[in-house]
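One structure is given here, and the rest of the page talks about it.
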Amino acid sequence: MPEDFFGEQVAARYDELSDEMFAPSVVDPAVDFLAGLAGEGDALELGIGTGRIALPLAQRGVRVKGIDLSEAMVERLRSKPGGAEIDVEIGDFATTTVAGSFTLAYLVFNTINNLTTQDAQVACFENAAAHLEQGGCFVIEVGVPGLQRLPPGETVRPFRVTPTRLGFDEYDIAAQGLISHHFRVVGDRLEARSIPFRYVWPAELDLMARIAGLTLRERWSGWKREPFTSESTKHISVWEKSGEAGTVA
Ligand SMILES: C[S@@+](CC[C@H](N)C(=O)[O-])C[C@H]1O[C@@H](n2cnc3c(N)ncnc32)[C@H](O)[C@@H]1O
């Protein structure tokens, strides 16, 4: 089982520290997009966390199930209105299975990068595909690797600098990895935590999808279907279970 970087201490403050990601202007377009793809079917969220997306999606009438590694995050989900009705399996979303079949599986907020090897990311696509009905879709929201912003010879880029919070990404280009270092001033203390990620390019994700029997259907730079361009810093990609060559037996 991979290491759980979202234990009790992180879970207790997750919603507060990610408050900008809970804003209706961020959540509503994502939920509109996902509800449209789910249609009349069920949805499976990989890395469901505290239910930022799953709860409003369920409120739209989509039956949502989830997988997450962190008991502590899922406890927060269960304590919210409607949370107890969402079935969640505790486990690694690269390998854990959930009963049912789904028209939609989705993995948002850069969480594919929490899988730190290519094998694990491929396994995640295979696992998502195995849960989908024919014609069902797998959606990923993830940043485009920020290497254009990294001058030759340097390995560290700040992603947040405020008087009370600092964040730095430390790149290991040869290994296609990065460690996000987070620092927070709490009273007279400095809290620190570091999380490893594997960044991944859109084209590599398309190959992973092909291995899993999925084909690219849509790629956008935002949930309102804004065009994906050379300047885009993130993408929302939708792969469809086609049942053609490449399907895992
Ligand atoms: C950044 S949070 C996102 C939570 C939620 N999807 C959201 O958008 O707010 C990442 C979540 O993925 C979970 N996670 C990370 N790696 C995982 C893995 N390999 N298997 C299952 N869950 C994982 C974490 O426990 C955490 O709840």
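Here, each number is a calculation from the coordinates, and none is a lab measurement. As the structure is a prediction and not an experimental result, all values here were calculated from the model. No Cβ is skipped: glycine too gets one built from the backbone with ideal geometry, and neighbour counts run over all protein chains shown.
Computed values, structure above
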quantity	calculated
Arg52 vs. criteria among the basic types (Lys, Arg) and within 15 Å of the ligand (Cβ to nearest atom)	yes
Region 195-210 residues that are surrounded by 16 or more Cβ atoms within 10 Å (Cβ to Cβ), paired with ones that are hydroxyl-bearing (Ser, Thr, Tyr) (beta carbon under 6 Å, 6 or more apart)	Ile195/Ser180; Pro196/Thr116; Arg198/Thr116
Pairs with Cβ under 9 Å, 6+ apart, first in region 36-47 and under 18 Å from Asp87 (Cα atoms), second among the acidic types (Asp, Glu) and assigned to a strand (DSSP E or B)	Gly41/Glu133; Glu45/Asp68; Leu46/Asp68; Gly47/Asp68
Sole exception among (1) touching an Asp or Glu at 6+ places or on another chain (Cβ under 6 Å); (2) surrounded by 17 or more Cβ atoms within 10 Å (Cβ to Cβ) for Leu216, by number	(2)
Entirely in region 35-128, the strands (runs of 3 or more DSSP E) that have 3 or more residues that are crowded, with 18+ Cβ neighbours inside 10 Å	43-46, 64-68, 102-107
Any hit, region 71-88, residues being within 25 Å of Val122 (Cβ to Cβ) and under 18 Å from the mean Cα position of the chain (by Cα)	yes
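The rows are residues; the columns are (1) within 14 Å of the ligand (Cβ to nearest atom); (2) over 22 Å from Gly213 (Cβ atoms).
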| site | (1), (2) |
| --- | --- |
| Gly82 | no, yes |
| Glu133 | no, no |
| Gly136 | no, no |
| Val139 | yes, no |
